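Down below is the structure, laid out as structure tokens.
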Amino acid sequence: MKKTFWITGSRGFIGSYLSQALINNGYEVIKLTNSPTNNKNIIYANFSDPLHIKNVIKKYRTPDTFIHLGWGNVYDPHHECHIKENIDDGINLIDEFYNAGVKRIILVGSSSEYGTRVGSLKESHLPLGEINNYVKGKIALSRYGLEKKKKLNQFFIHVRLFYTYGAGQKHNSLINQLYYNSINDKEMDLSPCEHYRDYIHISEAIEGLIRIAQVDQSGIINLGSGKVILLKNFVKLFWKELGANSKKLNFGSHEVPKLEQSQPKSYADLSILKSRTNWMPSITIENGIKKTVKDLHTST
């Protein structure tokens, strides 16, 4: 019998890639949504109603692994829902999937959970500095899941996913803005871009998630490249790969949004990822950019 994955957030950037990759690898995938839908390929479950979740699981059979990617108002990290509804819904999902006998639950979080820490980021590190509600919600739900699994013979894995890039991001993402401004020969107005990111290409983020989904050990696992790049340098590399005029990059033409999460010079420590999956990301930032530009050209 095929191993089965249930996934929330399957229509998002990461979720859509992950769902397709799992199907391509021969797994059965059920896409779960918290919103009523007419899409026959997606199953509706009311995350705020434990009984409804229970009945949906009973109808479609308990999966081997449940991956929780879906998260309301993800593009508004200061929204109150992150510390209210999103946590409550997540607890309902964790409880009902564990009650149904799921072997493994994976919660996908982000590198923002480390706050303003610099340097190598280890899973044992607590956040420093001010953190937004999105981060508070992810940390709270992770703690709940990790505490819950102590009483069960099942696994809970919290993946801290670092900055993931590739073709297919939301229309107003930095990459899409760079792409469309370049092909239309327009100037690109940017903030100073003096912050840092540990970038991982979408293909390796998906490979990492699939490998983590085979791990029979609970805990937190970083998933990034293990390297850091100044955002300004990333933009310059991307712009150059697009063949655009460097004089049309206007750094500092507007300020960094006041409420934007801090992005200090930090990167993922991948020791736990390597020890538990026997795998490490290997695509360089240059090759990842080349692949992204190629995929953007193909998709437009």
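The values are calculated or read from the model by the stated rules, or taken from the named source; none is laboratory data. Because the structure is a prediction, the values reported are computed rather than measured. Don't worry about glycine lacking a Cβ; one is built from the backbone with ideal geometry, like all the others, and counts go over all protein chains shown. These accessible areas exclude ligands, DNA and RNA; they are computed on the full protein's heavy atoms, side chains included. Shrake-Rupley method; radii C 1.70, N 1.55, O 1.52, S 1.80 Å.
Remarks
- Across segment 1-143, the relative contact order, built from alpha-carbon pairs under 8 Å that are at least six residues apart, equals 22 percent.
- Annotation: the antiparallel percentage among DSSP beta bridges lying fully within the chain is about 5.
- Helix 85-99 and the long axis of the chain differ in direction by around 40°, with both axes built from C-alpha atoms.
- Unit charges on C-beta of K, R, D, E only; dipole of segment 130-208, Debye: 860 debye
- Cβ-based net charge around Thr4, under 11 Å, with every Lys or Arg adding one and every Asp or Glu removing one: +2
- Percentage relative contact order, segment 151-256, counting C-alpha pairs under 8 Å, at least six apart: 43 percent
- Reach of Lys232 by Cα under 22 Å, taken over lysines that are not fewer than 8 positions away in the same chain: Lys170, Lys186, Lys240, Lys247, Lys248, Lys258, Lys265, Lys290, Lys291, Lys294
- Dimensionless Rg ratio for the chain, taking C-alpha atoms and the 2.2 N^0.38 Å reference: 1.01
- C-alpha center-to-center spacing [segment 49-63, segment 168-218] in angstrom: 34 Å
- In the chain, Cα pairs under 8 Å separated by at least six residues give a relative contact order of 17 percent.
- HN-Hα J in Hz across segment 114-120 - Karplus 6.51, -1.76, 1.60, θ = phi - 60°, x for Gly and Pro: 8, x, 9, 4, 10, x, 6
- Taken over segment 1-107, the convex hull of the Cα atoms encloses 101 Å³ per residue.
- Segment 103-135 and segment 225-300: distance between their alpha carbon centers, rounded to Å: 19 Å
- Within the full protein context, the accessible area of Ile272 is estimated at about 50 Å² for a probe radius of 1.4 Å.
- Inverting the pair-averaged 1/r between distinct Cα atoms of segment 24-181 gives 17.3 Å as its Kirkwood hydrodynamic radius.
- Shape analysis of segment 197-292 yields a ratio of the Cα radius of gyration to the Kirkwood radius, Rg/Rh, of 1.05.
- Listed residue (Asn222, Thr33, Ser271) projecting farthest to the positive dipole end of the chain, Cβ model: Ser271
- In terms of accessible area, using a 1.4 Å probe and ignoring ligands and nucleic acids, Lys240, Lys103, Lys54, Lys232 rank largest first as Lys240, Lys54, Lys103, Lys232.
- Along its principal axes, segment 93-227 has C-alpha extents of 58, 31, 25 angstrom, given from the largest down.
- Once exposed loop GluC sites (Glu not before Pro) are cut out (DSSP; at most 15 other Cβ, 10 Å), longest piece of the chain: 1-129
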